[in-house]
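Here is the structure we will look at.
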Amino acid sequence: MERELFIDSAERHILHTYNRNHIVLDRGEGVYLYDTDDCKYLDFAAGIAVQALGYGNKEYNDALKHQVDKLLHTSNLYYNFPIIQAARKLCAASEMDRVFFTNSGAEAIEGALKTAKKYAYEKDGCTDHEIIAMEHSFHGRTLGALSVTGNAHYREPFEPLPGIVKFAEFNNLDSVKALVNGKTCAIIMETVQGEGGIYPAEKEFLAGVKKICEENDILLILDEIQCGMGRTGNMFAWQSYGIKPDIMTCAKALGCGVPVGAFAMTQKVADHSLKPGDHGTTYGGNPFVGAAVSKVFDIFEEKNLVEHVKEISAYLEEKLDELVEEYPFVTARRGMGLMQGLELTIPVGDVSASALEHGLIIITAGSNVLRFVPPLVIEKEHVDEMVEKLKKAFYDCK
């Protein structure tokens with residue numbers, strides 16, 4: 001079979017750092033993906049929360065084709081118009097003042113950490129500042145991002161990691177207070193924990209952390225890489241709480257398939273942190289990704305996608321809650337907007353694999369949670385189709 005030839009070639013030449021599913025995806029249309037055998041899959045993973053617009057959006061594709069014919073890359077030694085547009089739109093949407101474009105979410109985290117360290121260094125000239133992160137968090141695979149990722153399994157093979165990082169319990173304010181001292185320069189967390197099991201921050205917890213930061217001139221860094229860009233029913237999840245960070249990271253749906261991330265900050269942080277020569281990137285913010293980001297914001301506005309998420313997520317929550325009632329091995333639902341999780345007592349990996357056989361792409365979070373992060377353009381009919389296919393997978397695995 002052609003598929004087997006493709007997979008054999010991949011296994012010979014690509015470094016084996018992923019245990020991939022045994023299909024070769026070939027094309028997409030709307031909220032569906034098709035493999036090289038022309039099998040059709042309803043996509044409720046969206047490339048891990050990336051493909052907010054689904055697949056084959058003509059307006060988005062045409063914008064990229066147009067930019068390809070004009071200019072792909074110039075370096076950051078010069079200005080380019082697409083990234084200027086993208087920066088203006090991202091700052092407006094995020095309520096931030098300054099932005100730095102990166103190539104990925106992990107690089108956005110790296111930049112945010114550097115910014116926090118430089119901000120503290122500017123105050124006292126010391127280099128021994130500490131960062132508080134959260135247990136069960138996930139911020140990326142680079143060394144700096146790993147250092148603040150609250151899963152020892154990911155960190156241990158690569159220790160010692162850079163910086164002094166202490167881990168508090170997510171949604172436990174007392175555990176944060178116990179770690180704060182005169183050397184603390186930043187507190188970092190996902191507004192909604194993703195890989196750790198789909199846990200939204202409690203408002204009292206987030207408000208309490210913000211108060212600690214304000215009282216001690218500590219920077220609050222909110223990781224919106226997965227939960228941002230409209231997924232929770234606001235453009236960024238922190239806006240649901242009304243608690244603004246000092247630094248915010250984003251990526252994934254920011255480019256809807258084009259590799260791009262960003263870290264954004266308030267003017268106060270910008271004025272007292274990174275200066276020319278402190279940070280840089282060769283590819284980050286080039287005209288091609290600028291055109292992608294700019295068009296993504298345009299389409300979000302034209303389609304009123306944030307309001308659509310509020311409407312469709314209420315229906316998704318209703319249907320997921322029905323599964324909790326119907327199946328004894330489905331013990332809980334949690335999440336915000338179109339970032340939802342079902343907690344199971346049966347192996348979630350088996351359910352995900354069985355769902356794929358029934359034409360449903362769905363992924364996991366943590367060891368016991370099914371994760372639902374579909375394209376933001378799904379309709380109620382797609383939710384119904386997903387439930388039908390998921391029930392077949394449950395039947396196979398119960």
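The values are calculated or read from the model by the stated rules, or taken from the named source; none is laboratory data. Fair warning: this is a prediction, and the values are worked out from it, not measured in the lab. When we count neighbours, we look across all protein chains shown, and the Cβ atoms used for this are built from the backbone with ideal geometry, even at glycine. Side chains are part of the model used for accessible areas, which takes the heavy atoms of the whole protein and leaves out ligands, DNA and RNA. Shrake-Rupley method; radii C 1.70, N 1.55, O 1.52, S 1.80 Å.
Rounded to the nearest 0.05, what FRET efficiency do residue 268 and residue 70 have when you use their Cβ-Cβ distance and R0 = 30 Å? Kindly include the intermediate steps, with their values, before the conclusion.
Details: r = 36 Å, r/R0 = 1.21.
Efficiency for this residue pair is about 0.25.
For segment 319-398, what is the accessible area per residue in Å² when the probe is 1.4 Å? Walk me through the intermediate numbers first.
Values: 3220 Å² over 80 residues.
Per residue, segment 319-398 has 40 Å² of solvent-accessible surface.
Suppose every K and R has +1 on its Cβ and every D and E has -1 on its Cβ; what is the size of the dipole of segment 248-398 about the Cα centre, in Debye to the nearest 20?
Working: 15 positive and 22 negative charges, 123 e Å.
So the dipole magnitude of segment 248-398 works out to roughly 600 debye.
Considering the dipole of the chain built from charges on the beta carbon (Lys and Arg +1, Asp and Glu -1) around the Cα centre, which of 54, 90, 15 is farthest to its positive end?
90
For the pair residue 307 and residue 282, what calculated FRET efficiency results from E = 1/(1 + (r/R0)^6), where r is the Cβ-Cβ distance and R0 = 30 Å, to the nearest 0.05? Could you put the intermediate results ahead of the total?
Details: r = 38 Å, r/R0 = 1.27.
Result of the calculation: an efficiency of 0.20.
Go through 155-168, 208-221 and give me the packing order, highest mean Cβ count within 10 Å leading.
Numbers: 155-168: 14.4, 208-221: 18.4.
Put in order of decreasing packing, that is 208-221, 155-168.
Below 17 Å, Cα to Cα, which aspartates and glutamates can residue 89 reach? Residues fewer than 8 away in the same chain don't count.
Partners found: 97, 224, 298, 301, 302.
Of the listed pairs 211/244; 123/166; 40/319; 210/244; 244/310, which have alpha-carbon separations greater than 19 Å here?
In this structure, 123/166; 40/319; 244/310 exceed 19 Å between Cα atoms.
Taking +1 at the Cβ of each Lys and Arg and -1 at the Cβ of each Asp and Glu, which of 77, 235, 255 sits farthest along the dipole of the chain towards its positive end, judged by Cα position relative to the Cα centre?
The one lying farthest along the dipole's positive direction is 77.
Would you kindly state how much longer the chain becomes between residue 27 and residue 207 on full extension, computed as 0.36 nm times their sequence separation minus their alpha carbon distance, in nm to one decimal? Present the calculation step by step, with values, prior to reporting the outcome.
Working: separation 180, 0.36 × 180 = 64.80 nm, distance 4.36 nm.
Full extension from residue 27 to residue 207 adds 60.4 nm.
Using r as the Cβ-Cβ distance of residue 178 and residue 4, and R0 as 35 Å, what FRET efficiency do you calculate, to the nearest 0.05? Could the numbers behind the result be given before it?
Working: r = 55 Å, r/R0 = 1.57.
According to the calculation, E is roughly 0.05.
If the chain between residue 58 and residue 329 were fully stretched, how many nm would it gain, using 0.36 nm times the residue separation less the Cα-Cα distance? Could you put the intermediate results ahead of the total?
Details: separation 271, 0.36 × 271 = 97.56 nm, distance 4.16 nm.
Taking residue 58 through residue 329 to full extension adds about 93.4 nm, to one decimal.
Could you pull out every one of the lysines with an alpha carbon less than 16 Å from that of residue 65, ignoring same-chain neighbours closer than 8 positions?
Residue 65 reaches 295.
Could you tell me which chymotrypsin sites (Phe, Trp or Tyr not before Pro) in segment 73-113 are loop residues by DSSP with no more than 10 other beta carbons within 10 angstrom of their beta carbon? Before the final figure, lay out the partial values.
On the way: sites: 78, 79, 100, 101; in loops: 78, 79.
Within segment 73-113, the qualifying chymotrypsin sites (Phe, Trp or Tyr not before Pro) (loop, at most 10 other Cβ atoms within 10 Å) are 78, 79.
Determine the per residue accessible area of segment 150-285 with all protein chains present and a 1.4 angstrom probe, expressed in square angstrom. Kindly include the intermediate steps, with their values, before the conclusion.
Working: 5250 Å² over 136 residues.
Spelled out: the 1.4 Å probe surface of segment 150-285, per residue, equals 39 Å².
Averaged per residue, what accessible surface does segment 1-56 expose to a 1.4 Å probe, in Å²? Please list the in-between numbers first.
On the way: 3530 Å² over 56 residues.
The answer is 63 Å² per residue.
Calculate what fraction, in whole %, of the accessible area of the chain sits on carbon and sulfur atoms when a 1.4 Å probe is rolled over the protein chains.
51 percent
Could you check the simple spin-label distance between residue 40 and residue 78, using points 7 Å along Cα→Cβ, in nm with one decimal?
Spacing of the two 7 Å Cα→Cβ label points: 4.7 nm.
So if I take the alpha carbon set of the chain, get Rg, then get Rh from the Kirkwood formula, what is the Rg over Rh ratio?
Details: Rg = 21.1 Å, Rh = 21.9 Å.
With Rg and the Kirkwood Rh in hand, the quotient comes to 0.96.
Given contacts defined as C-alpha pairs under 8 Å and at least six residues apart, what's the relative contact order of segment 214-345, whole-number percent?
On the way: 159 pairs, mean separation 29.4, N = 132.
Normalised by residue count, the contact order of segment 214-345 is 22 percent.
What is the helix-to-structure angle for 81-94, meaning the angle in degrees between its Cα long axis and the longest Cα principal axis of the chain, kept from 0 to 90 and rounded to the nearest 10?
The two axes meet at around 90 degrees.
What percent antiparallel are the DSSP beta bridges of the chain, to the nearest 5? Please list the in-between numbers first.
Values: 32 of 50 bridges.
Beta bridges within the chain, antiparallel portion: roughly 65 percent.
Charges only on Cβ, +1 for Lys and Arg, -1 for Asp and Glu: so what's the dipole of the chain about the Cα centre, in debye to the nearest 20? Don't skip to the answer; put the middle values down first.
Values: 40 positive and 58 negative charges, 215 e Å.
With Lys and Arg at +1 and Asp and Glu at -1, about 1040 debye.
Quick check: the distance between the Cα centres of segment 346-368 and segment 26-47, to the nearest angstrom?
So the separation of the two Cα centres works out to 16 Å.
Be a star and scan segment 234-258 for residues whose amide nitrogen sits under 19 Å from the point 7 Å along the Cα-to-Cβ vector of residue 97.
Answer for this model: 243-249.
Got the relative contact order for the chain handy, in percent, Cα pairs under 8 Å and 6 or more residues apart? The partial results should precede the final answer.
On the way: 772 pairs, mean separation 88.5, N = 398.
Computed over the chain, the figure is 22 percent.
Return a whole-number percent for the relative contact order of segment 75-193, with Cα pairs under 8 Å and 6 or more residues apart as the contact set. Kindly include the intermediate steps, with their values, before the conclusion.
Values: 146 pairs, mean separation 29.2, N = 119.
Rounded, it is 25 percent for segment 75-193.
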